[in-house]
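Shown next, in C-alpha cells, is the structure this report addresses.
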Amino acid sequence: MKFLIHLVVLFLHLNGFMANRVADSLIQKSCKENTRYAEPYIYKFCITSIKENPESQKVRNIDELTVVCTNSAISNLTKVKGTVENILNERKYKNKLSHTFLRECLKLYSEGYELLNSALKYLKTLDYEKFIGNMDMAKGKPRACEMKFNDDNHQISPVKKENDVLFDMINIPYYFCFNAHING
C-alpha cells in the first residue's frame, strides 16, 4: 500500500514537472519569436513579466498564454491607474496643468481597461482580428497619456516609467496573437 502511495506521489511530481517544462518552453519560444526585432531588453522583460504570473505555468498553447498576458496587462493598468489616483489625492503633482493631464490620463486608463476586457472576450471567442484591434487601441492609451506631458508645455509625467512598462505589457499579448493568427 505504501508503495502505491509513493508511486502516485512520484507520478504527480513528474506530471507537474513536465507541465512546467511545457509552459517554460512555450514562454521562451513565444518571447523569442515575438521580440526578435525589438530592443534586447524586451526579450528579458517578456519572460520575466510572464513568469511573475503563476497562471503562466499552466499554459499549454499560445492562446492560453495570450490570455494570461492580457490579464497581466489589465492588472498592471489597474496598478498604474491607482498610482495616478494616489498622486492626485495626495496632491503630489507640480502644478494645475499636471493635475489636468493626470485627470485626462485617468480617463485614458479607464478606456484602456474597457478595451482590454473586450479584447479578452474576443480572444475567448477566437475573434482574433477584433482582439488585435482592441489591443492596438489599448496600447495607445499609455502613449496618449505621455504625449500630454511631452508636448511643448514642459511638463514631466510622474508615471513615465509606469506607462512605458504598461505599453510593453499590452504589446506582448498583442504580438503573440498577431503573429500566431494574423501574420502567421
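The values are calculated or read from the model by the stated rules, or taken from the named source; none is laboratory data. Owing to the predicted nature of the structure, the values given are computational and were not obtained by experimental measurement. As a convention, Cβ positions derive from the backbone with ideal geometry for all residues, glycine included, and neighbour counts pool all protein chains shown. Protein only, heavy atoms only, side chains kept; ligands, DNA and RNA dropped before computing areas. Shrake-Rupley method; radii C 1.70, N 1.55, O 1.52, S 1.80 Å.
Scanning the range 15-56 for residues that are more than 14 Å from ASN179 (Cβ to Cβ) and aromatic (Phe, Trp, Tyr), which turns out modelled with the lowest pLDDT?
Restricting to residues being more than 14 Å from ASN179 (Cβ to Cβ) and aromatic (Phe, Trp, Tyr), the top hit is PHE17.
Pull up the range 21-36, narrow it to residues that are open to solvent by 100 Å² or more (accessible area, probe 1.4 Å) and in a helix (DSSP H, G or I), then point me to the one that is nearest to ASP168 (Cα to Cα).
LYS32
Name every residue in the range 149-184 that is part of a helix (DSSP H, G or I), over 27 Å from GLU64 (Cβ atoms) and open to solvent by less than 50 Å² (accessible area, probe 1.4 Å), in order of residue number.
Once the filter is applied, which keeps residues that are part of a helix (DSSP H, G or I), over 27 Å from GLU64 (Cβ atoms) and open to solvent by less than 50 Å² (accessible area, probe 1.4 Å), the range 149-184 yields PHE149, ASN163.
Out of the residues in the range 88-143 that are of a type in the set (Asp, Glu) and farther than 21 Å from SER75 by Cβ, which is surrounded by the fewest Cβ atoms within 10 Å (Cβ to Cβ)?
GLU90
Within the range 37-129, considering only helices (runs of 4 or more DSSP H) that don't extend past its boundaries, which have at least 2 residues that are at negative phi and touching a Pro at 6+ places or on another chain (Cβ under 6 Å)?
Numbers: elements: 40-51, 62-89, 96-124.
Ranges flagged: 62-89.
I'd like the full set of residues that are farther than 30 Å from PHE101 by Cβ and aliphatic (A, V, I, L, M), limited to the range 27-84.
Result: ILE27, ILE47, ILE50, VAL59, ILE62, LEU65, VAL67, VAL68.
Residues of the range 123-163 being at pLDDT 95 or above and of a type in the set (Asp, Glu), which ones?
Residues satisfying the conditions are ASP127, GLU129, ASP136, GLU162.
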